[in-house]
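A short write-up of the structure that comes next.
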Amino acid sequence: MNTAPNLATIPVIGVETSPEDIYRIGRDLADGPLALACSFSIDDVVLLDLLRAHLADIEVFAIDTGRLPEETYRTAESVAERFDLRIAWYAPRSEALEQLVRDKGLFSFRENVANRRECCRIRKVEPLQRALRGRAGWITGLRRGQGVTRQDCDAVEIDSANGGLLKINPLVFWTRQQVLAHAEERRLPVNPLHRQGYPSIGCAPCTRAIEPDEDERAGRWWWEDPAHKECGLHRR
Ligand code: SF4
């Protein structure tokens, strides 16, 4: 268990604070190494680009749930090449995964929220906990505009769901339009699913395209109540 940093000591952060400055504020507060969680979404690729001057000091990790779309794996390869990154991949524990699919089949997550959370716990949350072990904090591409479960995110916060680690969200104030414009301007590798109506991309069987007027995360676990739409990686 880490000793939680004292957020009362940090400078005031507002919508005008740049993502890089938010990162620097968090980094200066962290008492140890940081890791960046990358799902290869457009938000995370933009985040990598904005922090490209600092990537030598940050471990970039990704979680291969075993159910990701092929487009995401291909994007991951392009991103690694673009930023000359060695991605630290984490995968679910094989014993737990084998037990889950033997006991409940390959689509138990569609049956109820408890089963869905169980699948996310085995495929995402447990690997995340290993990825964060020994870290003082982690950096994410969370934005307030991504949906109802993220509208209260802070730029720098204490992640009590992960042992009091520091959580740094440099894009928290950015809009989707800003992210799209930056990716375009910098010609970043973009997951082709984003252009096919998928603003948010997770595991293939739990993600669908959305209508233009829907919430960004409406296509994730679309059969559930919006208030439940987190996989456990970003519990608050
Ligand atoms: Fe399982 Fe779906 Fe969660 Fe992926 S998003 S871990 S397939 S429930």
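Brief remarks follow.
- Single unsatisfied condition, Glu71 versus (1) among the charged types (D, E, K, R); (2) in a strand (DSSP E or B); (3) in contact with a helix residue (DSSP H, G or I) (Cβ under 7 Å, 6 or more places away or on another chain): (2)
- None of Leu85, Leu34 is more than 16 Å from the ligand (Cβ to nearest atom), under 22 Å from His234 (Cβ atoms) and either out of contact with any strand residue (DSSP E or B) (no Cβ under 7 Å at 6 or more places or on another chain) or modelled with pLDDT of 95 or more (or both) except Leu34.
- Segment 46-68 - residue that is within 16 Å of the ligand (Cβ to nearest atom) and in a strand (DSSP E or B) and, of those, surrounded by the most Cβ atoms within 10 Å (Cβ to Cβ): Ala62
- Selected residue [farther than 17 Å from Gly202 by Cβ and assigned to a strand (DSSP E or B)] from Trp138, Trp174: Trp138
- In the set Glu184, Glu214, only one residue is in a loop (DSSP other than H, G, I, E, B), away from the ligand (no atom under 16 Å from the Cβ) and more than 26 Å from Ala131 (Cβ to Cβ); that residue is Glu214.
- Against the numbered list (1) within 16 Å of the ligand (Cβ to nearest atom); (2) touching a residue at least 12 places away in the same chain (Cβ under 8 Å); (3) under 26 Å from Cys153 (Cβ atoms); (4) in a helix (DSSP H, G or I), Phe40 comes up short only at (4).
- Contact map, segment 192-206: first residue within 16 Å of the ligand (Cβ to nearest atom), second residue assigned to a helix (DSSP H, G or I) and of a type in the set (A, V, I, L, M), Cβ cut-off under 6 Å, separation 6 or more or different chains; pairs are Ile201/Leu193.
- So Asp43, is it within 14 Å of the chain's Cα centre (by Cα), at pLDDT 95 or above and surrounded by fewer than 19 Cβ atoms within 10 Å (Cβ to Cβ): no
The values are calculated or read from the model by the stated rules, or taken from the named source; none is laboratory data. Computed from a predicted model, the values in this text were never measured in an experiment. Virtual Cβ from ideal backbone geometry, glycine too; neighbours counted across all protein chains shown.
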